[in-house]
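Engineer: Below: one structure in structure tokens.
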Amino acid sequence: MLGTMRQITERDRKNLTAALERSGLRATRQREQVFGVLVSQRDHPTAEEVFARARKQLSTISLATVYNCLETLVECDLIKKLNYEREPSRYCPNHGEHAHFLDEATGRVFDIDIPKDFHETLTTILPKGFAANKIKLSFSGRVEPEAAERQSNSSASTVWEHIDQPNNQTKQNRSR
Ligand SMILES: [Zn+2]
């Protein structure tokens with residue numbers, strides 16, 4: 001298996017290439033490797049963890065390159081960067097609507113699926129004249145070990161709906 005890319009599906013590769021091209025970038029071996037690490041194990045790793053996994057298959061990759069690749073993938077909207085206080089950033093490739101749950105004891109971050117009309121319901125609390133483009137839902141607390149096991153096995157759905165078609169928002173308007 002030496003030299004082969006991490007389990008990246010044709011669809012993932014296509015989306016990667018298309019998203020990079022839209023930003024005028026090429027799909028390099030390093031970018032593909034870093035992206036492959038993220039989609040093959042969806043546990044919201046830190047850059048250091050991505051580096052440790054990526055170098056198993058691409059031994060020449062450096063931590064600096066991993067950081068660069070991650071930034072590029074974030075800018076191309078392929079992955080999301082999650083920031084927690086006093087913790088290194090974590091990265092998420094899930095494009096479906098979902099919330100995050102931080103297990104305060106272990107630092108693990110879980111994807112929690114959000115029902116379709118949930119965002120709409122939430123926006124009803126907004127005062128008149130406030131139009132939200134984006135809602136970020138983030139929980140933190142305690143996760144029982146069995147529940148953690150169940151949740152990681154259920155591997156929250158990966159939906160590419162926002163990525164297959166070009167993004168209609170301009171980069172400048174988008175908040176991070
Ligand atoms: Zn996530």
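Engineer: In percent, what relative contact order does the stretch 1-93 have, based on Cα pairs under 8 Å that are 6 or more apart in sequence?
Structural biologist: 31
Engineer: Okay, next question. Taking R0 as 22 Å, what's the FRET efficiency between Glu48 and Glu71 from their Cβ-Cβ distance, rounded to 0.05?
Structural biologist: 0.90
Engineer: Tell me, what ³J(HN,Hα) does each residue in the stretch 66-75 have, in order and in whole Hz, if you take phi through Karplus 6.51 cos²θ - 1.76 cosθ + 1.60 with θ = phi - 60° and put x for Gly and Pro?
Structural biologist: 4, 4, 4, 4, 4, 4, 4, 5, 5, 5
Engineer: How much FRET efficiency would the formula 1/(1 + (r/R0)^6) give for Ile135 and Arg13, where r is the Cβ-Cβ distance and R0 is 30 Å, rounded to 0.05?
Structural biologist: According to the calculation, E is roughly 0.50.
Engineer: Give me the net charge for the shell around Leu102: Cβ to Cβ below 11 angstrom, other residues only, Lys and Arg +1, Asp and Glu -1.
Structural biologist: Net of charged neighbours comes to -1.
Engineer: Please compute the contact order of the stretch 10-166 in relative form: average sequence separation of alpha-carbon pairs under 8 Å and at least six residues apart, divided by the residue count, as a percent.
Structural biologist: Relative contact order for the stretch 10-166 comes out at 22 percent.
Engineer: Can you tell me how much longer the chain between Ala99 and Arg22 gets when fully stretched, taken as 0.36 nm per residue apart minus their C-alpha distance, in nm with one decimal?
Structural biologist: 25.0 nm
Engineer: May I ask you to compute the full-extension gain from Asp113 to Arg29, defined as 0.36 nm times their residue separation minus their alpha-carbon distance, rounded to one decimal in nm?
Structural biologist: 27.1 nm
Engineer: Further question on the same structure: Label points 7 Å out from Cα along the Cβ direction at Lys81 and Thr121: separation in nm?
Structural biologist: For the pair Lys81/Thr121, the computed spacing is 3.3 nm.
Engineer: Taking the Cα centre of the stretch 1-140 as origin and charging only Cβ (+1 Lys, Arg; -1 Asp, Glu), how large is the dipole, in debye to the nearest 20?
Structural biologist: So the magnitude is around 460 debye.
Read the figures in this text as sums done on the coordinates, not as results from a lab. Predicted, not measured: the structure shown is a model, and the values here were computed from it. Positions of Cβ are backbone-derived with ideal geometry, glycine not excepted, and every protein chain shown enters the neighbour counts.
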